[in-house]
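Coordinate-derived values only; no laboratory data. Just so we're clear, the structure is a prediction, and the values are computed from it rather than from any experiment. Neighbour counts run over all protein chains shown; Cβ positions are idealised from the backbone, glycine included.
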Amino acid sequence: MPTAAETLDPAHAAARTREPAIVVDHLQKTFRLPHRRYSTLKERVLHPFSSSTYDELHAVHDATFSVAQGEFFGIVGRNGSGKSSLLKCLAGIYNADSGSVAIAGRISPFIELGVGFNPELTARDNAMVNAIMLGLSRKQARERFDSIIEFAELEEFMDLPLKNYSSGMVVRLAFAVTVQVDAEVLLIDEVLAVGDAAFQAKCFDQFHRLKAEGKTIVFVTHDMSAIQRFCDRAMLVERGKIMSIDSPSVIARAYNELNFGQILSEGAGPRMIPDVAEIKEAWFEDADGKRVTALEHGARMAMAMEVRFHQAAEDPWFSLHVRNPARHVVFSTGSTLHLTTTGAFTAGETVVVRVELENWFSPGEYTMTPTIAASGGTDVLDVREDLATLDVHGRPLGGVVDIPHTFEVHRS
Ligand SMILES: Nc1ncnc2c1ncn2[C@@H]1O[C@H](COP(=O)(O)OP(=O)(O)OP(=O)(O)O)[C@@H](O)[C@H]1O
């Protein structure tokens, strides 16, 4: 029986009508963590009645879901929630205790760094061995070899044993192999966490390509903007259990709430206070006040958010943060920087917060994250990660901003 969200959301509807590429049914993976064991003769004599006992850790607990062919499916959750264990069950790296996994087509996993690589072999040999293990013929592997090495930018190092590589180089090689072997189903765990900004941009290019080619991709990450940018649907897991499967924006929000909740229970940092205020929308505007998703570099522009108060609030703080594709906050502003107070708001009131500025961002894709806080910033009333996106056009520039400036050469 579909949920209300599934009925309304076109991504859910599409996922239901397409043939499934992955069907997971009541999957269970439990680790047994032994209690202290007495192994030496002396210990056994001293503790004659102790027996070997275990704690059971349900890394994957009764997981049932399916992923449609051609779907980009995100998995998010806090550290230790079971994402990698689930992906390893899908990849056949772990044997599940019970339940089943059915996958239509060839799988290419990017799961645990270094698995399948031999540190004594060169990048060349590792790439060939892996490509063949993942289903390419020798001839195909030879043909793909150049593009694998080119993608990984390891042309100069391909005859160096892998043990002499930096971890970043190994990641690039592993990801290059994963995306070049023409598998129908790709399982990708946390690739964005390890690379630098340039590598991330390359990963994003590959995601676009794989998506356009109709590949099925299961993608684990902590990067909510990537989830919202690429995924058709996403799943939130917590303590091995599936908490919900929904649209990427709903899941990103649930994940953020879970994280703020965690901070709250640890008694440190900001805490999430639900139900006071809600960020309904955020958008960019051009010089004429028209909502846009693309703008020419150098033009006058505005960014805005619409907030609805469900309860009365006194002097809430509004702020807006703009991130570039490398996830750096390139611009951040807030009411505290400009106003002594924002005033008092009543339940049911809707306000629009607007910031006007000159578009000094370098060409590229940007996202805006609006937030509302209270009590001097310690209570977060709402935060919407990457709610609006903006594509800035113009001639390519070197830096993250292009500040108006003069340039002179003086001869002495
Ligand atoms: N091989 C293993 N043996 C014992 N326990 C394990 C093993 N692999 C994972 N676990 C445990 O299972 C739970 C889920 O781990 P898993 O790595 O799947 O989480 P995760 O969501 O991928 O975490 P992270 O975001 O930190 O990568 C954790 O408590 C972890 O300690």
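Can you compute the FRET efficiency between A197 and A294 using 1/(1 + (r/R0)^6), with r the Cβ-Cβ distance and R0 = 25 Å? Round to the nearest 0.05. It comes to 0.70. With contacts taken as Cα pairs under 8 Å and at least 6 residues apart, segment 272-393 reaches a relative contact order of 35 percent. Using C-alpha pairs below 8 Å separated by at least 6 residues, the relative contact order for the chain is 14 percent. Other residues within the sphere of radius under 13 Å centred on the Cβ of A344, judged by their own Cβ, net out at -3 (K and R +1, D and E -1).
Of all lysines in the structure, those lying under 27 Å Cα to Cα from K290, and not within fewer than 8 positions of it along the same chain, are K280. Each DSSP beta bridge with both residues in the chain is either parallel or antiparallel, and the antiparallel ones are about 75%.
If you keep only loop residues by DSSP, which GluC sites (Glu not before Pro) in segment 67-165 have at most 12 other Cβ atoms within 10 Å of their Cβ? Let's see the in-between values first.
Details: sites: E71, E112, E120, E143, E150, E153, E155, E156; in loops: E71, E112, E120, E153.
Loop-located and lightly packed - E120.
Restricting to bridges with both residues inside segment 131-290, how much of the DSSP beta-bridge set is antiparallel, in percent to the nearest 5? Just about 50 percent of them are antiparallel. Listed by chain and number, the lysines whose C-alpha is less than 17 Å from the C-alpha of K29, apart from same-chain residues fewer than 8 away, are K83, K88, K241.
For segment 272-393, what is the charge dipole size about the Cα centre, in debye to the nearest 20, if Lys and Arg each add +1 at the Cβ and Asp and Glu each add -1 at the Cβ?
140 debye
Taking 0.36 nm per residue of separation and subtracting the Cα-Cα distance, full extension of the segment from L57 to S332 would add 94.8 nm. Sort out the exposed loop trypsin sites (Lys or Arg not before Pro) in the chain (DSSP loop, at most 10 other Cβ within 10 Å) and tell me the longest stretch that has none. The answer is 37-289.
When the Gaussian network model of the chain links Cα atoms closer than 10 Å, the mean-square fluctuations of A91, A201, A287 top out at A287.
DSSP beta bridges confined to segment 272-393 are antiparallel in about 90 percent of cases. In segment 93-204, Cα pairs under 8 Å separated by at least six residues give a relative contact order of 39 percent. Here's how it looks for V237: its modeled amide H is under 5 Å from those of V76, G77, M243, which are all 5 or more places away or on a different chain. Just to confirm a number: summing +1 for Lys and Arg and -1 for Asp and Glu over residues other than S137 whose beta-carbon lies under 12 angstrom from that of S137, what do you get? In short, +2.
With +1 on each Lys and Arg Cβ and -1 on each Asp and Glu Cβ, and nothing else charged, work out how big the dipole of the chain is about its Cα centre, in Debye to the nearest 20. Please report the intermediate quantities before stating the final value.
Values: 40 positive and 54 negative charges, 272 e Å.
Dipole about the Cα centre, nearest 20: 1300 debye.
For the chain, what does the helix formula give at 222 nm: sum of -39500 (n - 2.57) over DSSP H segments with n ≥ 4, over the residue count, nearest 500 deg cm²/dmol?
Working: 11 runs with 113 residues, N = 412.
When only DSSP H runs of four or more count, the value is -8000 deg cm²/dmol.
Less than 15 Å Cβ to Cβ from R209, Lys/Arg counted +1 and Asp/Glu -1: what total charge do the surrounding residues give? Within the 15 Å Cβ shell, the charges total 0.
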